[in-house]
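Taking it in order: structure first as C-alpha cells, then the write-up.
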Amino acid sequence: MPRFGVDRSTMRPSGRRFRVGAAVGSGMAARAAEIAGADFILALGAGKLRSMGVPSPASLLPIYDSVEFTLQFASQELVPRVKLPVYVGLPLFDPRLRIDELMPRLKSLKIVGLTNFPAVFHFGDRAAALDAHGLGFKREIDFLTAAMSEGFDTIGYVRNRDEASKMVDAGLTSLCINFGLNPHNHDEMVKEETLDHLALAAKDIVDSVRRPHKPLTVHLGGGPVSGGADLGRLCRKAGIDGFIGGSAMDRAPLEKSLLNSVASFREIEVLQDRVERLERRLNRYSKRYGIVCRSDAMDQMLNRVESAVRNGKHLFLHGEADTGRRTVAEMAARQMFQKKKGNHWKLEFSASSSGAEELFGAQRDASLRRKVGVLELAGEADVITAGGLESLPLDERNRIVQALVKGEYQVGQEAKIRQCNARFILVLNESGAGGSLLPGEPDNGCKAQAVQVPPLRDRIEDIPLLVKGFMADFKEEPGEFSPSIIRTLIRHNWPGNLAELKKTVGWLIEEKREQCSEDDLISYLRDSVTEAGPASISQRDRIIQALLLNNLNRTKTADHLGVTRKTLYNQIKKFKILT
C-alpha cells in the first residue's frame, strides 16, 4: 500500500497524525492494510463488489440489500481478521433503516464507526427528489449524530462547502471530501493542472469549516489521486489530515499483480527473462552503485539517465542537497566510459579553488610552464564529472557553456581554439548554477539531457530499504524498527533528504537503542526540521502557496510575493496555474 510523505507543520496543527483508512473488499486485503500501517478499515458495499470483479458504481443499483450485504461482509470477513477499528458505510437514505434498531446491531457486531457511503449526492440531480421525501442529506446527518451520541466514531462524506458546513454544524468532527471515483488506470500520472484544481477546491471546503480551537479531521477520498507524491503535494496545499483509499489499495494492486503472475505462469520463458532482467537491474543499481530504486520516481529518473547515456548526451543532474546526485553521477559516468573504455575525470569546484583552471588549463607563467587542463587531456571516450559550479564566477560558467554548446574552448587569452569531445556530467543545485549555466532548454543549445534527482519525500517507497542500509552503518548486526517507527519515518517530509534520514537512524540506534515511542520520534523530527530550515520549493509552488495563503486574492498575493499584480498575472499564465 502506498504511503504518503506529508509535512505536518504546513498541513495541520502540531501533533496531529495523518490518518489512513483502507476501504478494502476482503479480509486478506484488510490484513495486508493493517500490516502496512493503516489506521482503520472501512467496510463498503462498493469495496466488496469490487473484490467480486464488479465495478464500484454497481453499489448504487437496486440489485441487492446493501445494508445486509455490507454488515454481513464486515462482521464475517473484517472484524475477526484485524485488530484495527472497523467502520461501515451504509446507504442511510434507505427508508427501511431505523436509528433505534441500527445502533444496537452495530454494537453487537463490534463495529466502531459509521459513515454515509454511498451518499445521497452520488445520485446527482435525483438527490433532490430523495431530499423532498425526507430521504436525503438531512437523514444521513441524523443517523451520524445519533451514532455519535451512542459512542460510535463517524465520518461524514461531503462534496462541497454547503454539505461540509451542515455536517460540522451538526457536531461531526471528521469529514471525507469525495471527488468522485478513482481512475480506471492508476499508472497514468495526474496532471499538474488537475492537482492544482483539486487542491484549491479542497482548501475552499476545508477553510469554510475549520474553526479555531475546535477539533476537525478532514480526509480525502476518491478522485484521480491514488497516493504517493501527488497526494503529498495536494495535502500540503489544501490542509488535508487523512486519506481513505479504495480501489487504489486493493483492486489496482491486485489486478496488476495477478496479471503479471498469470502471464508469467502461462509463459515460463517470459518469467525467466523477467527474472534475469530484474537480477541484472538489481546488480546494476543496488549492488554496484548502491542505489535503492523501488519507487516510481527513482525508476523514471534512472530511465532518463540511461536514455541520455545511450544517446551520447551530456547529463545535467539537478535537485536538492543530499538526494544522491553524486551517486547517480557516478553510476552514469561508469556506464558512459565503460561503454567506450575511456577514463573518468572528477572535478569539484569551490570558492577556495583556482576557478575553472583545472578544467581549461592556464597560459604560460613566468617559469615558461603552462598548466594543462582536463579538457586537453580528455578524449572522446572520456567522461568529466563536475560539481560545485555555482561557486564559479559568471564568466567561467559561460566558458563551460561554450564548451558544451560548440565543443570549443580557449586557454586564458590565447587566440588558439581548441576542441573538446569529452562528455560532461554536471551536478547542479535545484535552481541551477546562478540561473545562467544552462542556456535555456538544454536540448536547444547543446546535446544534453537535464534530469532531476527526486527528493526523499517523492520516493517514500524506498524508505524501508534505505533505513535497513543505514542501520548497517551503525551496528554490525542490524535488526528492524517497529512498524510504528517505520510508519512515522514514511510520513515525515524529509527536507534534509538522505542525510537527515541517516542522522535520524543513528539517533534511534545510539540514543534510543531502537526503543522509541512514536511521539518522541515525531518531536525529534520536528526539532530537526526547525534546525535545518524549510525545504526549497519551485517558483510555481511558491506562487500557488501564496495564492492559498491569501485565499486566491491576487492583490494580496502580489503584495505577499513583493511583485506587481501584472507580474503575478503573467506568472500565473506562464505556469498554467488554475485559479
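Each value in this text was obtained by applying a stated rule to the coordinates, not by laboratory testing. Because the structure is a prediction, the values reported are computed rather than measured. Using ideal geometry, Cβ is built from the backbone for each residue, glycine included, and neighbour counts are taken over all protein chains shown.
For Arg161 and Asp299 in the same chain, what is the full-extension length gain: residue separation times 0.36 nm, less their Cα-Cα distance, in nm?
Here the segment from Arg161 to Asp299 would lengthen by 45.8 nm.
Roughly speaking, what is the stretch gain from Asp94 to Glu476, that is 0.36 nm per residue apart minus the C-alpha to C-alpha distance, in nm to one decimal?
131.4 nm
Compute the orientation-averaged projected area for region 27-173 from the convex hull of its Cα atoms and round it to one decimal in nm².
Computing the convex hull of the Cα atoms and averaging its projections yields 8.9 nm².
With labels modelled as points extended 7 Å from the Cα through the Cβ direction, what inter-label distance (nm, one decimal) is found for Glu68 paired with Lys107?
Between Glu68 and Lys107, the simple spin-label model gives 2.5 nm.
Quick one, can you get me the convex hull of the C-alpha atoms of region 15-57 expressed as volume per residue in Å³?
Once divided by residue count, the hull of region 15-57 is 71 Å³.
Rounded to the nearest 0.05, what FRET efficiency is calculated for Arg369 and Lys406 with R0 set to 35 Å and r the Cβ-Cβ distance?
0.80
Under a point spin-label approximation (7 Å from Cα along Cα-to-Cβ), what is the Gln419-Glu376 distance to one decimal in nm?
1.8
May I ask you to list the trypsin sites (Lys or Arg not before Pro) in region 106-160 that are in a DSSP loop and have at most 16 other Cβ atoms within 10 Å of their Cβ?
Lys110
Region 75-106: which trypsin sites (Lys or Arg not before Pro) are DSSP loop and have at most 10 other beta-carbon atoms within 10 angstrom?
Of the trypsin sites (Lys or Arg not before Pro), the ones in loops of region 75-106 whose Cβ has at most 10 other Cβ atoms within 10 Å are Lys83, Arg96, Arg98.
Could you work out how far apart the two model spin labels at Lys138 and Asp169 are, taking each label as a point 7 Å from the Cα in the direction of the beta carbon, and quote it in nm?
1.1
Using 27 Å as the Cα-Cα cut-off, could you pick out the over-long pairs in Lys214/Lys237; Lys313/Lys341; Lys48/Lys468; Lys313/Lys503?
Cα-Cα > 27 Å for Lys48/Lys468; Lys313/Lys503; rest within.
Can you order the peptides 148-154, 233-239 by their average number of other Cβ atoms within 10 Å per residue, highest first?
Descending packing order for the listed peptides: 233-239, 148-154.
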